[in-house]
Amino acid sequence: MLEFGRRVDLDSKTSLRAYAAFGVSYRPDSSYTVKSSFVNADSTIGTFNDHLKSPEVLGKIDLGLQLYRAGGFEAKAAYTADLSSHYTNQTATARFAYHF
């Protein structure tokens, strides 16, 4: 991942950091087979196989803001996306912490 960002000091104890990161993930072996069964199911049901295929190449994007006050609190909001031609995975998070 390659990250670009900027930190701005709002006052002597408070800073704001904004960032954007971009990258690529490559997984050449992206197919999996998992043998599965149901718990407490009748034995006549048996087992089955799940075949999972994920993209070999994913574009990755991270965007975020972080507000930090020394001896006080920290707040962070972030967005993450993993993208491919027929695949999109998105995550948004928010975090607040009080430091004591």
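Tabulated results
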| item | result |
| --- | --- |
| Subset of the range 4-15 (residues that are surrounded by 11 or more Cβ atoms within 10 Å (Cβ to Cβ) and either of a type in the set (S, T, N, Q) or more than 19 Å from HIS99 (Cα to Cα) (or both)) | GLY5, ARG7, THR14, SER15 |
| Matching residues in the range 19-39 - criterion: being loosely packed, with under 10 Cβ neighbours inside 10 Å and either acidic (Asp, Glu) or within 14 Å of GLY64 (Cβ to Cβ) (or both) | ASP29 |
| Pair list, Cβ < 6 Å and 6+ apart or interchain, from the range 3-21 residues that are in contact (Cβ under 8 Å) with a residue 12 or more places away in the chain to residues that are polar (S, T, N, Q) and assigned to a strand (DSSP E or B) | ARG17/GLN66 |
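Residues checked against (1) modelled with pLDDT under 90; (2) surrounded by 12 or more Cβ atoms within 10 Å (Cβ to Cβ); (3) out of contact with any Phe, Trp or Tyr (no Cβ under 6 Å at 6 or more places or on another chain):
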residue	(1), (2), (3)
ARG17	no, yes, yes
ALA41	yes, no, yes
THR47	yes, no, yes
LEU52	yes, no, no
GLU56	no, yes, yes
LEU65	no, yes, yes
LEU83	no, yes, yes
ALA94	no, no, yes
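The values are calculated or read from the model by the stated rules, or taken from the named source; none is laboratory data. Remember, it's a predicted structure, so these values are computed and weren't measured experimentally. Don't worry about glycine lacking a Cβ; one is built from the backbone with ideal geometry, like all the others, and counts go over all protein chains shown.
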